[in-house]
Structure formats: C-alpha cells, structure tokens
Amino acid sequence: MRRLTRTILAALMAAPLMSGIASAYELVMPTLDYRTGPYAPNGIPFANGYGDYLNMLNERDGGINGARISLVPCETGYNTKKGVECYEKLKGEGQSGALVFQPLSTGITYQLIPKASVDEIPIFSMGYGRTSAANGKVFPWVFNFPATYWSQATVFVQYIGEKEGGMENLKGKKIALVYHNSAYGKEPIRTLEKAAEKYGFEFMAMPVDHPGQEQKATWLQIRREKPDWVMMWGWGVMNQVAIKEAASIRYPMDRFIGVWWSGSENDVLPAGAAADGYLSGAFHQPGDNFGAHDDIKKHVYDKGMGLGDRDRIGEVLYNRGLVAAMWTSEAIRKAMEIHGTNEVRGVHVRDGFEALEIDEARLKELGLEGFTIPVKISCENHEGPGQVALQQWDAKAKKWNLVSGFYEPLRDITAPLIAEDSAQFAAENNVTERSCN
Amino acid sequence: MIYRETGQFKAHYQDDQALFPIAQDRYVVFAILLITFGVVPALLNEYWLNAILLPFLIYSLAALGLNILTGYCGQLSLGTGAFMAVGAFSVYKLMVAFPGIGFSPMVVLSGVITAAVGTLFGLPSLRIKGFYLAVATLAAQFFLIWLFNKVGWFFNYSATGMINAPPMTIFGSIVTGPEADPIAKYYLVAAFVAVFALAAKNVARGRIGRNWMAIRDMDIAAELIGVRPLIAKLSAFAVSSFYVGMAGALYFAVWLGSAEPTEAFDINQSFLVLFMIIIGGLGSVLGSFLGAAFLVIMPIMLKNLMVDGFGTTSAMAEHIQIIVVGVLIIGFLIVEPHGLARLWRIAKEKMRLWPFPY
C-alpha cells in the first residue's frame, strides 16, 4: 500500500516537470473522442483516422510547417456533460491553447458553440452540429463544411425523385424518417417538412430513443404504414439495429437511405448479406488506395504508432476522421500563412478556416486526389460546397461504392430556413450580425 | 479529543434542540462556509469552478431534494431527472418571457412550479407504496420527457428541441450564458445550496420533518399517533420537488447553458441522484453532499490522475474509472450499508467518547 502511495505521489510530482521540459511551440489539437459506450463502434474509427493523419504529419513533415502537433485526447463517451468537462479542461492546454475543437457530437457542438465564441476557439463540426452555423455572419467561430444535414436531406429528396422518374412523381409518396431522438436526429425534420409541402409527398417522423437498441415498435410501424422510402439519422448501435430490423421485415434496402453517419462498415456488417444495397450519404471516397493512406502506413503503422488495426485503414469512418484532420491541418497551415508565424492560436486558426480553399490541385499534392470535393470557405458561407453524393453497400464484396455524382442541395428550401434559424439564435443570444464586406 | 464537550452546558430546551447542538459542529459549519465563500473562489481556477465544483454543488442540491423524499419520508422516486427537467424548462420559459424579474426569483419560481408538478405526481403515493410507487414515478419520468420533446411551446419551437439559456445578470455580473463570470456563477450556486441546505436541516428537525420520519418508519403507527399521511406525503413530494426543480434550473441555466430533454434529463439522471443518496446516506443532509462528491468529483479526479499522472490513454482511463468507481461503491456499501454519512456519524461518536470509545 505504501509503495502504491509513493508511486502515485511520484507520478503527481513528475507530471508538471515533464510538461515543463517541452519548450518548442506545439500546436495543441484536442480530440473529444469516444472509445467507450454505445457510440464507440463509430467513435473509434473516426478517432483513429483523425489521430493517425496528424501523427503522420508529425512523423513525415515534422508537423505543420515545422511546428509539431500535440494531440490531446479526452474521452467523452458521446456524453454532453463529459464533453463540456473535457472542453473546460483542454481549452487552455499548453502554450498555444486549444487551436480547434472537433466535438463529433451534435449535442456537444450545441453546448460549445456559445462558449467557444467567447473563448475565441474555432469549432469545426464537419458535416454535423448546428446547421444554421453555415451562416458565418452570425456564427463566426463555427464551421460545418462540406455540407449540412439540411443540404443532405434535400439531396436525398432529389435522389428519390430521380429514382421515381422525376420530382413530380414524389406526389403522394410516403417517406419516413427514423431518427435518433436528440438534437442531432431532429435536425432534418423541418427541411423534410418543407420539402414535403413543396413536392407533395407524405412525411412521417419516427423517433428512436438513446441508445437505440430497441426499435421493434418503430419497424413494426414501418411494416404497417409501408412508406415508399425510409431515411435514417442514426449513430452508434442504433444504425446496426435499424439495418437488422429493416432486413427482418424485408424492407427493400435500396429504398433505405442513411445519413452519412449511418453508413459505415460497422453499421452494415452485422446484418450480413441482408444489408446488400443499403444507401447512405457521403462526401468522400471509401478505401485505402490513396497516397495519404500509404504515408500513414509507412510513417505511422510501420513504426508501431498506429492508433488502430492496420487492416481497418480505409474504412468509411476512418476516412471521415482523416478528411477532418486534413481540412483542420490545412486551415492551420493557412492561418500560419496569413499571420506569418508558426505560433498560431485559436483566433488565428479561425482566420485560416475562413480563408480555406482546397482545390483538386491541392488535394493531389496531399495525396488525396479525387478523395473528396473541393472546398472553398468564405466569411458568410461556412458550409462550403454543400454537395452530397450517395454510396451503396455491396455485401458480397464487403465494400462501399459511390453510386451517384455529387448533387447540389435545394438551396431554395435550405437558405430561408438557415436565415430564420440563425436569426433566432442571434435574437436569443444578443448577437449582432457582422458585416462580410 | 476534538469533540471535548466539557463545559458545554445546555440550560434551555432551545440549546438542546439547536440546529447544531455541539459547539464544535457549529465551528466546523462556519469554517466550511468561510472556505466556500472566502477561500475557494480565490484559490481555484476556471476549470475547477466550472467543470468540477458547479456540477458538484448542483447535484448536491438535487440529492438533498431526493433525500427529503426518499431518505426522510421513505417514498422511493425514480422521477428526479424529469423533475429537474421541469425546473429547467420553467426557468427557460421565465427567462425568455419575463427577463425583468431577476434570475434568483426565477430559480425559486421554477422550484415552485416543479413543486406543483411533483405534488401532482405524488398523489399515487397515497395508495401505493415501495416498489410500486417507484414504478409510478417512473411513469412521471417518461411522460414528462416525452412532453418536453413533443410540445413545441416548451422549447419555443426551436428546430432541434434544444433550449439555450440567454444571458442574465445578478448585481451586475453575468451568471448565465457563455460570457458568465465563473466566480459569479459559483457564488450564486453556492449561496443557493448553502441557504437551502440549512433550511433542509432545519425543516428535518422540526414538526414536519418528524412527521416525515414517522411515515417512513411505520406509516400505520404514524397515522395512529395523529400524523396525517396525506399532508405528510404530499408535503414531502412538494418540498423535494422544489429542491430538485431549483437544481434543474441551475443545472440547465448556469452549468450547461443549453440542454435537450432526452439527454440531459433521462432516466440515468434519476438513477445517478438516487445512487448519490444511497451511497451518501439516506436521511442525512451531509450524506447528500458526500454522495454527490463521490459520484461527481471522484470520477473526474480519478480520470485526471490516470491521464495526467500516469499517462494512460483516455479510453483506458475511462474503463478503469468505471471499474474503480463500481468497486468502491460495492466496497463502501459492504463496510457501511447506511452510507458515507453513517461512517462519519460513527467516527464522530467515537471522537466524542475519546479516549474510551466503545
């Protein structure tokens, strides 16, 4: 017992010393990841992709422009309260302070949006979080490119219209939404209601409570109501259960579309062959046949520093984490360029995000040619391109394939909703719109 | 030793029935109040105040509320999360609709609203007891959360059902919203907890508290000696919900800043508060604080020790923490099934009898 106490004391005393030794300026990048709890199957590959890419930059290039990245993980378990605790703990970490937060949870994003604006730390909620944060005039500190949930919902409506032989054929069709009963899952409802009004289809919203292991009643209802199409906004174990339930009522999988958080290997594999043909949104390619993946294997996994299993590199959510890390590191690079220093802070990184422009040529330089869509962010538009493609699961080959081109969202539906919602936020929180000229 | 009671003569009944009859206890309470209000805010940084002490104090208040109902009056409730939600949504509606009435009155008012709702859901306690009552309060939990999800009026028709606390000031310092001063927030919450903890102790030793305890110990006997179960049970539900509602209001407005009904106030919240009072000690004000500290502060400290001290990965630290907290709960309950407060009570008895404790 005494020995244990002594070890604890020694460790406690050594901790501040160890942090005192590092003198070079490090770029502190906190990651709020979740490797525990019901959302871990999705949280782990994302965190691995995010961390591996940044570690690869450290090993290959010595960081970003020579400044090393210090990755500081904090476990949230997808729990909002723990996420807030992590944020408070990490926001002042190191010499640079936290440069950017990537919460990977819509609930935590909602918590952090007001706090981060005051602490001057940008939030990069990549394709999730509060949709109206696309309005950079009201949310200068939040970035949700490459597309929002509302854009995605309108893309799904267009895809359905196309398959039905034209948008006019949507009239009288029934479209159901199975959603995680939280801020995240409720995001697309208003957009879909507006779309239902415009195109004359019938819209049914079906909530599934956290964590989503019990969905028998929902799918029984779907069996009874026989919607022509089902969309899903799910996460964690909810995805696997939904796809298995859909298979068990023999719902046609090619009429079942998940949001891009409901379309990874972990979600479809448990349903086996029955999941064949299931669709989901996507903004990047699956697979590990890109230059960046080779570099990760060479510089990170060959040295035994990989965060996950080598054969899981290139899974959908791994690539999602990788693309998040790529955009974040490019934003930091841009910030260094704008401010002419390597010693950037959160406030500078925000400028980097706002001036971010990654075209095909830059993607090629990064070893990610054709991996994702080009992105250009501006002061008023934090959503970027807003384009979404669809991918389909091939159960035989155990592979996701992009099966459509990138659709433009229906901005006539989303733009007024974004304006309305951001105006409401501005009014409730006494935010004055900034000018972008 | 410390509890030397020599020379403490009680010449009046009032002295004997005082809130803290032993002088040393009084000194300790004064010292704690002095540390809470004088020393802590000066010493601790923002992380400690915002991320550790605020939730600890707010959960203490909630645990205190549940302890009144379950610990003092013996009525098992699984609806704490929902009653906290009632407090949170009341304070939100008040903040949005009547920003002029000041934040502290709003918190008290949302406690009053919760008390009304709690009394309503306490009505079944007049007919059913024990586990069956737990199931009835469980219905409150699910019904109220469903209601806050379903009816747009409660969240002002926001697109996602989230509620956000607008900024509010007390004596010129901002206490809610993102720009709030952590010290002001701490003072506000600490003041609420201090006042209502002393009030709870006071109520518990008086006629009302004795009625509750009589009902808890044997309701038929209590009825025979003239305690009216209707009044006693419903007043316990009302007072308990009042506390829980205030805790919910502070939880949402001061600590979290925004909340959604399903995650912030789900059944796990009810269990968490129930575990706090079981581990801390049923029927004890001190126990509410000890239980909240055990389940709020200790896991965070354990995590920080492992991640910052030993360099374990954050996921591993989380797993170890789940194991350690579980083992400690079992361990403490084996050593003392009546909770941490009982451990303190035994220690105190021994100190009073020192050097010949038995």
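Geometric descriptor of chain A, per residue, is 157 Å³ (volume of the convex hull of the Cα atoms). Under a GNM of chain A (C-alpha, springs under 10 Å), which listed residue has the highest mean-square fluctuation: A:118, A:259, A:237? Highest fluctuation among the options: A:118. Over the range B:250-358, the Kirkwood radius and the radius of gyration, each from Cα atoms, give a ratio Rg/Rh of 1.07. Here the protein assembly as shown is assigned +1 on the Cβ of each Lys and Arg and -1 on the Cβ of each Asp and Glu. Its dipole about the Cα centre then comes out at about 2820 debye.
What is the range A:357-398 by shape, rounded, prolate or oblate, if you read a ≥ b ≥ c off the alpha carbon gyration tensor as root eigenvalues and call it rounded for a/c under 1.5, prolate for a/b larger than b/c, and oblate otherwise? Judged from the Cα gyration tensor, the range A:357-398 comes out oblate (a/c at least 1.5, b/c at or above a/b). Between helix A:316-339 and chain A there is an angle of about 50 degrees, using the helix long axis and the longest principal axis of the Cα atoms.
With viscosity 1.567 mPa s and temperature 4 °C, the Kirkwood radius over alpha carbon pairs of the range A:126-220 converts through Stokes-Einstein to a diffusion coefficient of 88 µm²/s. Note on the range B:16-353: dipole from Cβ charges, positive end direction compared against B:264, B:240, B:96; the farthest Cα belongs to B:240. Between the residues A:413, A:62, A:212, the greatest Cα displacement towards the positive end of the dipole of the protein assembly as shown, with unit charges on the Cβ of Lys, Arg, Asp and Glu, is found for A:212. For the pair residue B:335 and residue A:404, label points projected 7 Å from Cα toward Cβ lie 6.1 nm apart. Farthest towards the positive end of the charge dipole of the range B:16-353, among the residues B:202, B:149, B:55, is the Cα of B:202, using unit charges on the Cβ of Lys, Arg, Asp and Glu. If you wrap the Cα atoms of the protein assembly as shown in a convex hull and average its projected area over all directions, you get 37.5 nm².
Assuming charge only on the beta carbon of Lys and Arg (+1) and of Asp and Glu (-1), the dipole of the range B:16-353 about its Cα centre is about 980 debye to the nearest 20.
Its relative contact order, with pairs defined as Cα atoms under 8 Å and 6+ residues apart, puts chain B at 29 percent.
Taking the range A:249-345, which GluC sites (Glu not before Pro) meet the DSSP loop condition and have no more than 13 other C-beta atoms within 10 Å? Answer by residue number: A:343. The dipole here belongs to chain A: it is taken about the Cα centre, uses +1 on the Cβ of Lys and Arg and -1 on the Cβ of Asp and Glu, and is about 1160 debye. Averaged over peptide A:356-369, the number of partner chain Cβ atoms lying within 10 Å of each residue's Cβ comes to 0. Under 1.5 on a/c is rounded, so check that first for the range B:16-353, then, if it is not, pick prolate when a/b is larger than b/c and oblate when it is not; a ≥ b ≥ c are the square roots of the alpha carbon gyration tensor eigenvalues. Judged from the Cα gyration tensor, the range B:16-353 comes out rounded (a/c under 1.5).
Span-like helix check, chain B: qualifying full DSSP H segments, with Cα axial length of 27 Å or more and mean Kyte-Doolittle of 1.0 or more, are B:103-122, B:130-150, B:182-205, B:229-250, B:314-335. At most 14 other Cβ atoms within 10 Å plus a DSSP loop assignment makes a site exposed; report the longest stretch of chain A without any exposed trypsin sites (Lys or Arg not before Pro). Answer from the scan: A:1-170.
Exposure here means at most 15 other Cβ atoms within 10 Å; with GluC sites (Glu not before Pro) in a DSSP loop as sites, the longest stretch of chain B lacking them is B:180-358.
Here is the list for the range B:95-201: trypsin sites (Lys or Arg not before Pro) lying in DSSP coil, each with at most 12 other C-beta atoms within 10 angstrom of its C-beta, are B:127. Any idea what angle helix A:411-428 forms with the longest principal axis of chain A, computed on alpha-carbon atoms, 0 to 90 degrees, nearest 10? The angle comes out near 50 degrees. Inter-label distance, residue B:328 to residue B:132: 3.9 nm, where each label sits 7 Å from its Cα along the C-beta direction. The largest-to-smallest principal axis extents of the Cα set in the range B:59-168 are 41, 28, 21 Å.
Axis angle, to the nearest 10 degrees, between helix A:106-119 and the longest C-alpha principal axis of chain A: 40 degrees.
Read the figures in this text as sums done on the coordinates, not as results from a lab. This structure is a prediction, so every number in the text was calculated from the model and none was measured. Don't worry about glycine lacking a Cβ; one is built from the backbone with ideal geometry, like all the others, and counts go over all protein chains shown.
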